[in-house]
Every structure is written in structure tokens, then in C-alpha cells.
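Here it is, the structure in full.
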Amino acid sequence: MKNTKTRIIILERDSSMHIVYKNHFDALEDYELVGSYTSANLALKDFKHTRPQIVLSEIDLDDINGIDAIKLFRKKNWGINIIMFSEINDFEVIKKAFKKGPTDT
């Protein structure tokens, strides 16, 4: 049987949250968490291996921020779905994210 699960990677600065995401996606039939990262650079380096269809990314990362990483993920796969999340409650940051083209914030 062919695996038809949607492949997801997560970029979350707090590595203690990675197990929470893993447990959540393990419980879902239609999704597969193929990578959890604290760094956009590491996620981009593994992109060819993980082949995600969806990127869930925090805005505030340690290296490249999630907003700037959007363009780099789009270079790898223009049609990739990107969902941004953040604890930052700043309308200017949200506008900047939308201008870069995430699928959802």
C-alpha cells in the first residue's frame, strides 16, 4: 500500500516542544511528522531528505527567522504550504509574514 500521509516538518525554537508535536502527529492517520528543527538552516539542509508538503514554522528562530526562511523554502519547492505561528503579538510582524507569502499565519 502506498503511503499517502501528508509530510510535515516543524520549526520550533523550544526543543522541549518537539516531543509534543511528535505525539500529536503520531495520533493522526493522515499526517506524518518527518522532521522537527530549532533551526531553519538545518531544516533546509534536510529538505531533500524530508520532502515536506507542509512547513509549520515559528517566526522567532535562532538563525534565520521564520519569515526570511519562507523565501528559502519556496526556492526548494514553490508550491509548499507554509504555516507561521508566533507568540509575538505585533501587527507589523504579521504584515511582514503575509508579504513573504506563507500559506497561513
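List every residue pair whose Cβ atoms sit under 9 Å apart, with the two residues 6 or more apart in sequence or on different chains, where the first one lies in segment 32-56 and is closer than 15 Å to G79 by Cα and in contact (Cβ under 8 Å) with a residue 12 or more places away in the chain and the second, anywhere, is part of a strand (DSSP E or B) and of a type in the set (S, T, Y).
Final answer for the pair search is P52/T6; Q53/T6; I54/T6; I54/Y31.
A further question follows. Need the failing condition index for M84 against (1) outside any loop (DSSP other than H, G, I, E, B); (2) at pLDDT 95 or above, just the number.
Only one criterion in (1) outside any loop (DSSP other than H, G, I, E, B); (2) at pLDDT 95 or above is unmet by M84, namely (2).
Right, next: Can you pull out the helices (runs of 4 or more DSSP H) entirely within segment 10-75 that have at least 1 residues that are aliphatic (A, V, I, L, M)?
18-26, 40-45
The values are calculated or read from the model by the stated rules, or taken from the named source; none is laboratory data. Quick caveat: nothing in here was measured; it's all calculated off a predicted structure. Glycine also receives a Cβ, built like all others from the backbone with ideal geometry; neighbour counts cover every protein chain displayed.
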